[in-house]
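Beneath this line is the structure, given in structure tokens, with notes to follow.
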């Protein structure tokens, strides 16, 4: 009886597959990118199969075709671009307002114990308060226009962001600060020449994460007294059980959020080439 010859490529193939599941192990870029397409493709196929074979009623789960048709209708009628432009404006202004305040406050809290002791208990308490519960107060304070929506986005972002920036600054190696003091640097010089450059990549990652949170608060911000916006369109569709409109609006917000995330990620890689963690 003829003996089966071993395949010399088999051990190499096993090692290559095993490397995909090793902690912190780099994998080929092609495999990394392919994995990002395979999982959504499988989910999309499962969604299509469930609706095609009638395993779920359209009222509860519309088909991918119905969702795409709704998106095409909104695009051709100009509804989608109008809603998206209004929502993006609110997102950008709300996030920028939160960031402009959170950055200096977070830096002060991360560098001076007196500011951390004075502000962290209050900020940590407020960040657990549900933003939805503040909608009536926000209407009393800011009316029903864009300012009220931006205020909700600010409240949903600021308190988380300021604590993250504080941690970004506190994680800088204290030996770098001591070295600056040894060289005779004053507080301002240590902050500008040591702390901020060292903490910048982490702070940028915080920006990337928190603008994602701002997107998640969009529907809440446009819940009351909004005539335009992606969140308003979803809430209106809920009244009429238009699940295809709800699902399209939700997916479209997710796509815009992903696009924003990739822009921040790529910008961080370009600005902080020297930081291996941003690659």
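The values are calculated or read from the model by the stated rules, or taken from the named source; none is laboratory data. Here the structure is a predicted model, which is why all the values come from computation and not from measurement. So basically every Cβ, Gly included, is an ideal-geometry build from the backbone, and we count neighbours across all protein chains shown.
Restricting 53, 112, 21 to those that are free of Cβ contacts under 8 Å to residues at least 40 places away in the same chain, more than 22 Å from the chain's Cα centre (by Cα) and closer than 30 Å to residue 172 by Cβ reduces the list to 112. With (1) in a loop (DSSP other than H, G, I, E, B); (2) at pLDDT below 85 as the list, and residue 11 as the residue in question, which single condition is left unmet? Answer for residue 11: the failing condition is (1).
Considering only the stretch 206-220, how many residues are more than 10 Å from the chain's Cα centre (by Cα) and assigned to a helix (DSSP H, G or I)? Number of matching residues: 3.
Taking first residues from the stretch 188-204 that are under 15 Å from residue 167 (Cα atoms) and partners that are modelled with pLDDT under 90, the Cβ contacts under 6 Å between residues at least 6 apart in sequence or on separate chains come to 195/172; 198/172; 199/172; 201/272; 201/275; 201/278.
Residue by residue, here is whether (1) surrounded by 18 or more Cβ atoms within 10 Å (Cβ to Cβ); (2) within 22 Å of residue 132 (Cα to Cα) holds:
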position: 202; (1), (2): yes, no
position: 218; (1), (2): yes, yes
position: 237; (1), (2): yes, yes
position: 257; (1), (2): yes, yes
position: 262; (1), (2): no, no
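Put simply, of 199, 221 the only residue that is modelled with pLDDT of 90 or more and within 30 Å of residue 91 (Cβ to Cβ) is 199. For the residues 223, 247, the requirement of being part of a loop (DSSP other than H, G, I, E, B) and closer than 30 Å to residue 80 by Cα singles out 223. Remark: residue 151 matches the filter, which requires a residue to be under 13 Å from residue 217 (Cα atoms) and assigned to a helix (DSSP H, G or I). Going through (1) assigned to a loop (DSSP other than H, G, I, E, B); (2) out of contact with any helix residue (DSSP H, G or I) (no Cβ under 7 Å at 6 or more places or on another chain) one by one, residue 254 falls short only on (1). Look through the stretch 239-255, keep the residues that are surrounded by fewer than 17 Cβ atoms within 10 Å (Cβ to Cβ) and at pLDDT 90 or above, and return whichever of them is farthest from residue 158 (Cα to Cα). That would be 251. For residue 229, the stated conditions hold: it is surrounded by 20 or more Cβ atoms within 10 Å (Cβ to Cβ) and closer than 30 Å to residue 142 by Cα.
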